[in-house]
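Here's the structure we're looking at; comments come further down.
Read-outs: derived from the displayed coordinates by stated rules, not from any lab. Predicted model only: the values in this text are computed from it and were never measured. Positions of Cβ are backbone-derived with ideal geometry, glycine not excepted, and every protein chain shown enters the neighbour counts.
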Amino acid sequence: MRALLLSCLLSFLCSACSVVAVADAAVSVVATTVKVAATVVETTVDVAAAGVKAVVGSPEAKK
């Protein structure tokens, strides 16, 4: 009976470890996705700002 109880307890501990590993992987994927999205937005803003500067021009260029 003791061996059965220990084996059940061990299986629960192993499955909990698996849950933690899967949750960690999911958090890593979400963090990477957010980082990539932030980089894309930053690049888009930089390109848009460069386009506005090209159209408007700087006051020094008009002198």
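On a 0 to 90 degree scale, rounded to 10, what angle separates helix 2-56 from the longest Cα axis of the chain?
Between the helix axis and the principal axis of the chain, the angle is about 0 degrees.
Quick one: dipole size for the chain, taken about the Cα centre, charges +1 on Lys/Arg Cβ and -1 on Asp/Glu Cβ, in debye to the nearest 20.
80 debye
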